[in-house]
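Trainee: For reference, the structure I am asking about is given below.
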Amino acid sequence: MTFTHAIARRPEKDMAAGITTAALGTPDYQKALDQFDAYVKALIDCDVSVTVLDPLMGHPDAHFVEDAAVVTPDIAVITNPGAASRKGEVPSIAAALQPFRKTVWVQPPGTIDGGDVLMIGHHFFIGLSDRTNEKGARQLGDAVAGFGYTWTLVPVAAGLHFKSSVNAVDDDTLLVTRTFADHPALAGFHRIVISPREEYAGNTLLVNGHLIMPAGFPDTRQKLQALDKPIIELDVSEFRKMDGGLTCLSLRF
Ligand code: CIR
């Protein structure tokens with residue numbers, strides 16, 4: 001699928017107040033801004049026009065824009081994020097998407113984070129996690145089924161979101177952590193399995209034929225080279241400290 005646009009948001013000064021389980025220390029704000037700028041540049045280098053939103057004060061996780069919406073070729077599904085502290089991020093993302101797509105909204109008690117949703121071809125995998133419940137997942141599934149897409153639910157046993165562990169790296173190829181190496185839900189797709197010490201690299205992003213991957217994962221890089229696509233490595237250390245990564249920093253469509 002070709003992306004022409006992306007929406008990203010500059011982190012706010014108080015980003016260290018966001019939710020995290022990483023125990024990797026406090027993010028350095030200036031370094032995070034530099035890493036964010038490099039990320040936006042990488043998207044532009046992949047021929048994507050990027051709308052960069054201003055920081056959303058009082059919402060320290062709001063730069064992880066991926067969780068607030070699922071944008072498909074036909075509609076934008078505005079989520080009801082699973083974490084209470086993140087629900088206030090949604091209106092500004094809906095407004096940013098308004099010029100591009102008709103919006104539909106996930107209704108409570110359904111909850112869903114975009115990080116749990118992976119579109120590959122005409123199929124959606126929807127992870128059931130601490131953030132995404134079945135009622136939320138089904139609302140998304142029903143919405144996209146109306147446009148001819150199929151969808152399946154996949155329990156997320158490890159990691160924050162489904163896409164912490166599984167991402168598309170080619171039309172029919174998934175990059176997966178060990179947990180998903182033989183998972184029956186993913187049958188029918190080729191799988192590249194990440195070594196256990198490089199699990200963070202599972203959050204690699206396919207954009208217009210380029211692979212944007214986190215820096216510092218040589219084994220995964222070598223495996224991805226077999227796909228013969230240009231690879232862009234980015235340092236996202238400051239976002240990793242807040243349980244985030246490459247996919248969550250933008251909405252691409
Ligand atoms: C959170 O816990 O919600 C944020 N600190 C990290 C969100 C990362 N989002 C993503 O991977 N899609």
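The values are calculated or read from the model by the stated rules, or taken from the named source; none is laboratory data. Treat the numbers as computed from the prediction; the structure is a model and nothing was measured. Please note: Cβ atoms are built from the backbone with ideal geometry, for glycine as well, and neighbour counts cover all protein chains shown. With ligands, DNA and RNA removed, areas are computed over all heavy atoms of the protein, side chains included. Shrake-Rupley method; radii C 1.70, N 1.55, O 1.52, S 1.80 Å.
Trainee: Using the Cα centre as the reference, give the magnitude of the dipole from point charges on the C-beta atoms of the chain (Lys, Arg: +1; Asp, Glu: -1; all else neutral), rounded to the nearest 20 debye.
Mentor: 300
Trainee: Now a separate question. Where the centroid of each part is defined by its Cα atoms, how far is the stretch 215-241 from the stretch 71-116 in Å?
Mentor: 29
Trainee: Let me ask something additional. Of the heavy-atom accessible surface of the chain (probe 1.4 angstrom), what whole percent is carbon and sulfur?
Mentor: Ligands and nucleic acids excluded, carbon and sulfur reach 53 percent.
Trainee: Where does the chain land at 222 nm, in deg cm²/dmol rounded to the nearest 500, when only DSSP H runs of n ≥ 4 count, each adding -39500 (n - 2.57), divided by all residues?
Mentor: Per the formula, -5500 deg cm²/dmol.
Trainee: Leaving ligands and nucleic acids out of the surface, order Thr179, Thr79 by accessible area at 1.4 Å, largest first.
Mentor: Details: Thr179 75, Thr79 5 Å².
Output order, biggest surface exposure first: Thr179, Thr79.
Trainee: Using 0.36 nm times the number of residues separating Asp228 and Phe100, minus their current alpha carbon distance, what extension gain do you get?
Mentor: 42.9 nm
Trainee: Report for the chain the percent antiparallel among DSSP-assigned beta bridges with both residues inside it, nearest 5.
Mentor: Counting DSSP beta bridges with both partners in the chain, the antiparallel share is about 40 percent.
Trainee: Rounded to the nearest 0.05, what FRET efficiency do Asp235 and Thr26 have when you use their Cβ-Cβ distance and R0 = 22 Å?
Mentor: Working: r = 17 Å, r/R0 = 0.76.
Computed FRET efficiency for Asp235 and Thr26 comes out at 0.85.
Trainee: Okay, next question. What list of ³J(HN,Hα) couplings, whole Hz, do you get for the stretch 12-28 from phi and the Karplus terms 6.51, -1.76, 1.60, once you set θ to phi - 60° and write x for glycine and proline?
Mentor: Per-residue couplings from phi come out as 8, 3, 8, 4, 5, 7, x, 7, 8, 10, 6, 6, 10, x, 8, x, 8 Hz.
Trainee: On a 25 Å Cα-Cα criterion, which of the cross-link pairs Lys41/Lys135; Lys13/Lys135; Lys163/Lys229; Lys31/Lys229; Lys87/Lys135; Lys163/Lys223 come out too long?
Mentor: On the way: Lys41/Lys135 37 Å; Lys13/Lys135 34 Å; Lys163/Lys229 20 Å; Lys31/Lys229 28 Å; Lys87/Lys135 17 Å; Lys163/Lys223 18 Å.
From the list (Lys41/Lys135; Lys13/Lys135; Lys163/Lys229; Lys31/Lys229; Lys87/Lys135; Lys163/Lys223), the Cα-Cα distance tops 25 Å for Lys41/Lys135; Lys13/Lys135; Lys31/Lys229.
Trainee: Please state the charge dipole magnitude for the stretch 1-127, taken about the Cα centre, from unit charges on C-beta atoms (+1 on K and R, -1 on D and E), reported in debye and rounded to the nearest 20.
Mentor: Dipole size: approximately 240 debye.
Trainee: How high is the FRET efficiency between Thr152 and Asp47 when r is their beta carbon distance and R₀ equals 35 Å, given to the nearest 0.05?
Mentor: 0.70
Trainee: What are the chymotrypsin sites (Phe, Trp or Tyr not before Pro) within the stretch 93-162 that DSSP puts in a loop, where the Cβ has at most 12 other Cβ atoms within 10 Å?
Mentor: Phe147
Trainee: In what order, largest first, do Thr4, Thr177, Thr26 sit by accessible area if the probe radius is 1.4 Å?
Mentor: Thr26, Thr4, Thr177
Trainee: Rounded, prolate or oblate: which fits the stretch 103-253 when a ≥ b ≥ c are the square roots of the eigenvalues of the alpha-carbon gyration tensor, with rounded for a/c under 1.5 and prolate only if a/b beats b/c? Kindly include the intermediate steps, with their values, before the conclusion.
Mentor: Working: a/c = 1.69, a/b = 1.51, b/c = 1.13.
Judged from the Cα gyration tensor, the stretch 103-253 comes out prolate (a/c at least 1.5, a/b above b/c).
Trainee: Need the full-extension length gain, His190 to Ala215, defined as separation in residues times 0.36 nm minus the C-alpha distance. One decimal, nm.
Mentor: Full extension of this stretch gives 6.6 nm more.
Trainee: On to the next question. Over the chain, give the accessible area per residue in Å² for a 1.4 Å probe, as an integer.
Mentor: About 41 Å² of surface per residue is accessible.
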